[in-house]
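First the structure, in the form of structure tokens, and then the observations on it.
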Number of protein chains: 2
Amino acid sequence: MQNTNLEQDFLLFLKEIQGYKEALALMEWDSRTISPANALESKADVIGFFSTKIHKLSTSKKMGDFLKELKEKSNNDLLQEIIRVCEEDYSRSSKIPAEEYQEFVTLQSKAEIAWQEARNKNDFSILAPYLQKLVDFNKQFANYWGYEDQPYDALLHEFEPGMTTKKLDAIFSKLKKDLVALITEIKHSTKDNHTFSLNESFEKNEQNDFIVYTLKKMGYDFNRGRIDETIHPFEITINPDDVRITTRYDESDFRMALFSTIHEAGHALYEQNIDKKYANTPVFDGASMGIHESQSLFWENFIGRHPLFWKNNRDDFLRNAPKSFKTVSFDDFYKQINEVKASFIRIEADELTYCLHIILRYEIEIALINEELKVEEIPKLWNDKMEAYLGIRPKNDLEGVLQDIHWATGDFGYFPTYALGYMYAAQLYQKASEEIKIEELIEENDLIQIKAWLSENVHRFGRSKRPLELIEAISGEGLNPDYLTQYLRAKYGELYGLS
Amino acid sequence: MQNTNLEQDFLLFLKEIQGYKEALALMEWDSRTISPANALESKADVIGFFSTKIHKLSTSKKMGDFLKELKEKSNNDLLQEIIRVCEEDYSRSSKIPAEEYQEFVTLQSKAEIAWQEARNKNDFSILAPYLQKLVDFNKQFANYWGYEDQPYDALLHEFEPGMTTKKLDAIFSKLKKDLVALITEIKHSTKDNHTFSLNESFEKNEQNDFIVYTLKKMGYDFNRGRIDETIHPFEITINPDDVRITTRYDESDFRMALFSTIHEAGHALYEQNIDKKYANTPVFDGASMGIHESQSLFWENFIGRHPLFWKNNRDDFLRNAPKSFKTVSFDDFYKQINEVKASFIRIEADELTYCLHIILRYEIEIALINEELKVEEIPKLWNDKMEAYLGIRPKNDLEGVLQDIHWATGDFGYFPTYALGYMYAAQLYQKASEEIKIEELIEENDLIQIKAWLSENVHRFGRSKRPLELIEAISGEGLNPDYLTQYLRAKYGELYGLS
């Protein structure tokens, strides 16, 4: 009986933290979509206050006591799953002294402002001193957290628990070699895929109609979510029954809104289908950033850019765009939404070049954390690598090192998860082909079955399984990057007529 | 130096409470406008949690100690203003035992559900037992709060500090007599105002254009607010730079959206123009519910239904409704937006009959609190009074006692503020006529000057002045209901050709 009370108190304590997180998520959603311009400053203040509050509660002695006592005393299986996840967070967070964490948070906001100013003035030197401090904090955090092999492992763990620098080095060096080779072949291919354009006018409301139709097909539940407009599309979970996505319309290029919405809806399907028994606890979350990204990329690229997807949905698409695309053949349409073209900007990259953008950042991060590179040396190294991997050299830092916000927010170890997401997605797609004949389902436009397979194998577990554990349980092997290169070679080999 | 630290700590403590209030307001706004259907339950849970948190902090020993110590030690004038308001809240709230307040809050939510069910089944008896308990709680609260003359005074104070039952009795009995007489005269008037209709189609987006145009004219700041759609229009303050209003469109009756938006914008102008030195304290709020309502009614009725307002804006209005109202003359248009017609539903009532709806509820509230009436006797008394004052008798309780939610939320002493708002508005309008020649400004469509006068005399003070204090400072006399009856007699006498 005493145990039961303790268990209930603990769950109420977690629910309290979750209450703050729900308010915080709503305030963030509001700030990034519809908040009146002048209200942002005061809102940021409250957001900061709530973030600190959550951190304090999560690292409190109360939390520590709960975990210690319940781990020994409770024989409730669900509770032990929850305790495992809470313990992991607690043990990491409480290793950082409170004042140091506070300093880091303050530095983060200052660095974000500096990043914005550096962009406005196209001057990396404005950001550099902040970046140096953020790198130093990360090195210090790695020491606090501890690691067996390399300090970067401790950072990776924050976003991709269980992943190591050693594993990544092996995976990325192979992937880089394969991708560079494939891109070079395409560059020398004689087949020309650039003789037409999809930049025809497509009215916002009409785009939205097709997007809503597509998301419903995917199984996105509009009674438990909504779509709004924003500058940078994102997915955010307010509570288990309120998983929102945002998008951005470009009336002269429908690909912007369509593919980014399918992408964000991939994230949202994950969150909408985590088992509700984990609600109001930290287990109600994605297994890792990489697994989360695998879901968005799975839908955006493996489904949304699949020829069979368009075989079925192209008529609906054309009905929604009655004024445009009349003269574009199916083949041209398909080729154009899968065009390969080296780009300076990561978020505009195609399927083939995307991972090279990530590998470039990964290599720079490692060098920074291992003190083999100084912050002020980043721009040159960035541009050199860009030229080596993609054959283009940024004219300025806006096209280069200043394009992403992640380093300015102090997130080192985050970028690799984007490429991991790609590889997980390819591996999942391969397994789904075997188990549910996925191409037949795409051809029949029966996407709900695909969602059901992902929910059964990935979504429902939330954070109760670690990423590599999950992948192994599904595919019977560890992360295998070959599925991605095989998929890319088959698809783009055909598109560009490679032998 | 010690004092200064204490002052800063106190302000930080208030700011913390305000942080919760800001999150709470945003969650309420979200729940009432755009939240996905299934998310409401979890959201209500968090809203309840935050409300309790705010109540706990506001009645905490910490708050009591701050107030006691600072009242003696601080010689900062602004701080003393803040302390006065906090003390008033603290002394009232802390008189109610915490468990009893918690019981009351729980009862409130249950009664709201019962009210909804009673409405669905058109059966007052479902609500009755909850209502009895809520009345009992209110009687008990009145005892805790204390009063000199009548228990109802203690309840009134919650919404209209300084107002008493004695004053209200005198005001309302005179007002009732005057209004019933005027309505009877109109009923026997031979002038027919009902030969045409404004129920022509007016597309939502076009209505919205005219509404935004009007609100900008009034001085509503869209950089510090926004308009959204909802079932029941409302105004809500998220923070001093985020004051939102909502509206509801009826494409076959533009009056719904237009007048309710002007009404809510009247509330919003108040909140947008409170002196920012009071931000993050409870002084940043309206002086009372009555003064707040005076602002919305001032704009909705005294400006929005004024013939000179339409003299200027009718062309813009017609331009925004290109397909409709072509054959309606100015006179007919003006008469129709000021039509007098007895209605069962308070929120649909016209200027003349509105206060009678309030007086009816006021008389019933007094009888309940003074134990001269049992809850189950309300419906009959309601219908009898309706017939006596307005000459119509509700067919059922949906048209009668079940129409408003206020009693089901336990708010007794709230209804009178609606009628007080009317009288305050008339008194303010009278004073504005003398000081800024308000009709000339309306004729010149220079509404910003009117807003500036209200900001100078009402808005900026927030809760730092009490309602009657404010009215006296502006008009040199106490609340005088004659301005309202004079205004109504002049306007409707002319409209209905009374002698």
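The values are calculated or read from the model by the stated rules, or taken from the named source; none is laboratory data. Bear in mind the structure is a predicted one, so any value in this text is a computation, not a measurement. Reconstructed Cβ throughout: ideal geometry from the backbone, glycine too, with neighbour counts over all protein chains shown.
A few points about this structure:
- Taken over the stretch B:38-52, the criterion of being in contact with an Asp or Glu (Cβ under 9 Å, 6 or more places away or on another chain) and at pLDDT 90 or above is satisfied by B:N38, B:A39, B:V46, B:I47, B:F49.
- Across the stretch B:208-230, the qualifying residues are those that are touching a residue at least 60 places away in the same chain (Cβ under 8 Å) and β-branched (V, I, T), and the one among them that is nearest to the other protein chains (Cβ to nearest Cβ) is B:T230.
- Total residues in the stretch B:317-331 satisfying the condition of being within 12 Å of B:S197 (Cα to Cα) and buried (at least 16 other Cβ atoms within 10 Å of the Cβ): the figure is 3.
- Selected residue [in contact with a Lys or Arg (Cβ under 9 Å, 6 or more places away or on another chain), within 23 Å of B:F254 (Cβ to Cβ) and of a type outside the set (F, W, Y)] from B:N313, B:N273: B:N313
- Yes/no for A:G478 being in the same structural domain as A:N338 (by TED's automatic domain parsing) and in a helix (DSSP H, G or I): no
- Test: B:F49 is surrounded by 17 or more Cβ atoms within 10 Å (Cβ to Cβ), aromatic (F, W, Y) and more than 14 Å from chain A (Cβ to nearest Cβ): no
- Counting residues in the stretch B:131-138 that are of a type in the set (F, W, Y), farther than 26 Å from B:P379 by Cβ and either modelled with pLDDT of 95 or more or not in a loop (DSSP other than H, G, I, E, B) (or both) gives zero.
- The residue list B:A118, B:A154 contains one member that is within 22 Å of the chain's Cα centre (by Cα), aliphatic (A, V, I, L, M) and in a helix (DSSP H, G or I), which is B:A154.
- If you check B:E371, B:E435, B:E376, B:E439 for being in the same structural domain as B:N312 (by TED's automatic domain parsing) and part of a loop (DSSP other than H, G, I, E, B), only one passes: B:E371.
- Screening the stretch A:1-36 for residues that are touching a Lys or Arg at 6+ places or on another chain (Cβ under 8 Å), part of a helix (DSSP H, G or I) and within 8 Å of chain B (Cβ to nearest Cβ) and picking the one that is farthest from B:V243 (Cα to Cα) gives A:E22.
- Verdict on B:R244 being within 14 Å of chain A (Cβ to nearest Cβ) and in contact with a Phe, Trp or Tyr (Cβ under 8 Å, 6 or more places away or on another chain): yes
- Among the residues making up the stretch A:142-158, those that are surrounded by fewer than 22 Cβ atoms within 10 Å (Cβ to Cβ) and aromatic (F, W, Y) are A:Y144, A:W145, A:Y147.
- Residue check, B:I448 touching a residue at least 60 places away in the same chain (Cβ under 8 Å) and surrounded by fewer than 18 Cβ atoms within 10 Å (Cβ to Cβ): yes
- Test: residue in the stretch B:176-186 that is farther than 30 Å from B:K323 by Cα and small (G, A, S): yes
- Which numbered condition B:S74 fails, given (1) closer than 30 Å to B:L11 by Cα; (2) of a type in the set (S, T, Y); (3) without any contact (Cβ under 8 Å) to a residue 60 or more places away in the chain: (3)
- Just so you know, in the stretch A:443-499 the residues that are small (G, A, S) and in contact with an Asp or Glu (Cβ under 7 Å, 6 or more places away or on another chain) include one that is farthest from A:Y429 (Cα to Cα), and it is A:S464.
- Filter pass, B:S189 being surrounded by 15 or more Cβ atoms within 10 Å (Cβ to Cβ), more than 14 Å from every other protein chain (Cβ to nearest Cβ), over 30 Å from B:A142 (Cβ atoms) and modelled with pLDDT under 95: yes
- Residues of the stretch A:314-340 classified as of a type outside the set (S, T, N, Q), assigned to a loop (DSSP other than H, G, I, E, B) and touching a residue at least 60 places away in the same chain (Cβ under 8 Å), total: 8
- Residues satisfying the stated conditions in the stretch A:253-290, i.e. assigned to a helix (DSSP H, G or I) and among the β-branched types (V, I, T): A:T261, A:I262
- Checking each residue in the stretch A:10-29 for being among the acidic types (D, E) and buried (at least 22 other Cβ atoms within 10 Å of the Cβ) picks out only A:E22.
- Residues satisfying the stated conditions in the stretch B:341-356, i.e. among the aliphatic types (A, V, I, L, M), surrounded by 19 or more Cβ atoms within 10 Å (Cβ to Cβ) and either touching a strand residue (DSSP E or B) at 6+ places or on another chain (Cβ under 8 Å) or in a loop (DSSP other than H, G, I, E, B) (or both): B:A349, B:L352
- Some residue of the stretch A:127-136 being surrounded by 13 or more Cβ atoms within 10 Å (Cβ to Cβ) and over 30 Å from A:D397 (Cα atoms): no
- If the condition is being assigned to a loop (DSSP other than H, G, I, E, B) and polar (S, T, N, Q), then the stretch B:442-475 contributes only B:N445.
- Residue in the stretch A:55-77 that is over 24 Å from the mean Cα position of the chain (by Cα), within 11 Å of chain B (Cβ to nearest Cβ) and either surrounded by fewer than 16 Cβ atoms within 10 Å (Cβ to Cβ) or on the phi > 0 side of the Ramachandran plot (or both) present: no
- Taking the conditions (1) assigned to a helix (DSSP H, G or I); (2) among the hydroxyl-bearing types (S, T, Y); (3) surrounded by 21 or more Cβ atoms within 10 Å (Cβ to Cβ) in turn, B:T184 satisfies each one other than (3).
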